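First the structure, in the form of structure tokens, and then the observations on it.
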Amino acid sequence: MTTATSPLLELPGAVAGDGIDAPVAAHYGSLYGEQHALAAGEGFVDLSHRDVVRISGPDRLAWLHSLTTQVFEGLEPGSWTQALVLSPQGHVEHAFAGVDDGTSFTAHTEPGAAAALVEFLGRMRFLMQVEVVDVTPEIAVAWRPAGKYDLVPRDQLTTYADVAGPAAGLWAFEALRIERGEPRFGIDTDHRTIPNEVGWIGPAVHLDKGCYRGQETVARVHNLGRPPRRLTLLHLDGSENRLPTVGVDVTDAAGRVVGRVGSSARHHELGPIALALLKRNVPTDAPLVVDGLPAAQEVLVDPEVGLHFRPR
């Protein structure tokens, strides 16, 4: 579903984002000032372009528990959680975060991703007492420091901003997210991504729950180690005033393609940074090149992850 342009683009200094992020503000006139405010625990970010899905019915938590990588049984009202839906081969097909209010679970996902998620969940209902609805036209998402999300009635966004301000743009949010090493589904991941490659074991994948589709791949890589690729934070050369394009190749000093870049941003302290998926066997200290920009690595996912664990 196409999200309407956010009314907060009418705020002073607001400049719209690009691509799928165009409905919200990239910044409000002070990129680094907005980052400083968020880092200090102040303000909020308008994420009202994200899609929102509501799952209701008495069987919703047990049903989600059976379908996803996360534990939903016993989820307390008001507790936010992340979850994935995997293919039978363990590749990430859907990613969302949400909260239950005691009667329904409301989740947000990437812009434009709700239709496929609703369609998949609809096919999996069988005889379960659940209802899945795209509520993007009704509910907007906002982010506050310390990783807190608010679900805001869309027609009350302006009132919310008056109370929650100052507003910070998506560029500030993205810079801090990349610094934290948090991947964005569909931008820092591709159709081959498995959770072990991008640090989703723990935050979005619970290793001590029952069976779910794709679990065999997750368990095998966790137990035996060495995922095919690893998420890496890249520190980019800042001598050129540009950032790499999403999906562009990452190459080593010999010009060999060793990965792909995802999100990138200008950080108020680190300078230009990006997330990239690299082949596991790329040395962690190897100098790299991204779209003509020299880049140094900072390890996020251990290339030997899983080898530190051995089942008895």
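Of all the residues that make up region 286-301, how many are in a loop (DSSP other than H, G, I, E, B) and either of a type in the set (Val, Ile, Thr) or without any contact (Cβ under 8 Å) to a residue 60 or more places away in the chain (or both)?
5
So, in region 210-226, of the ones that are modelled with pLDDT of 90 or more and touching a Leu at 6+ places or on another chain (Cβ under 6 Å), which residue ends up surrounded by the fewest Cβ atoms within 10 Å (Cβ to Cβ)?
Within region 210-226, the match that is surrounded by the fewest Cβ atoms within 10 Å (Cβ to Cβ) is Arg213.
Against the conditions (1) in contact (Cβ under 8 Å) with a residue 60 or more places away in the chain; (2) closer than 18 Å to Ala14 by Cα; (3) open to solvent by 40 Å² or more (accessible area, probe 1.4 Å), where does Asp162 fall short? Just the number, please.
If we test Asp162 against (1) in contact (Cβ under 8 Å) with a residue 60 or more places away in the chain; (2) closer than 18 Å to Ala14 by Cα; (3) open to solvent by 40 Å² or more (accessible area, probe 1.4 Å), just (1) comes out false.
Would you be able to tell me the number of residues in region 238-285 that are in contact with a Phe, Trp or Tyr (Cβ under 7 Å, 6 or more places away or on another chain) and either in a loop (DSSP other than H, G, I, E, B) or at pLDDT below 95 (or both)?
1
So which of Arg229, Arg256 ends up being of a type in the set (Lys, Arg) and surrounded by fewer than 17 Cβ atoms within 10 Å (Cβ to Cβ)?
Answer to the check: Arg256.
Can Arg184 be described as in contact with a helix residue (DSSP H, G or I) (Cβ under 8 Å, 6 or more places away or on another chain) and open to solvent by 40 Å² or more (accessible area, probe 1.4 Å)?
In short, no.
Look at Arg226 and say whether it is of a type in the set (D, E, K, R), out of contact with any Ser or Thr (no Cβ under 7 Å at 6 or more places or on another chain) and under 21 Å from Phe173 (Cα atoms).
Here the answer is no, as Arg226 does not meet what is asked.
Please work out if Arg54 is of a type in the set (Lys, Arg) and closer than 24 Å to Cys211 by Cβ.
Working: of a type in the set (Lys, Arg): yes; closer than 24 Å to Cys211 by Cβ: no.
It is false that Arg54 is of a type in the set (Lys, Arg) and closer than 24 Å to Cys211 by Cβ.
Can you name the strands (runs of 3 or more DSSP E) wholly within region 1-92 that have at least 1 residues being hydrophobic (A, V, I, L, M, F, W, C) and open to solvent by 50 Å² or more (accessible area, probe 1.4 Å)?
Result: 80-86.
Show me the strands (runs of 3 or more DSSP E) found entirely inside region 107-181 where at least 2 residues are of a type in the set (Asp, Glu).
Answer list for region 107-181: 131-134.
The values are calculated or read from the model by the stated rules, or taken from the named source; none is laboratory data. Predicted, not measured: the structure shown is a model, and the values here were computed from it. Quick reminder, even Gly has a Cβ in these numbers, built from the backbone with ideal geometry, and neighbours come from all protein chains shown. Remember, those area values only see protein heavy atoms, side chains included, never the ligands or the DNA or RNA. Shrake-Rupley method; radii C 1.70, N 1.55, O 1.52, S 1.80 Å.
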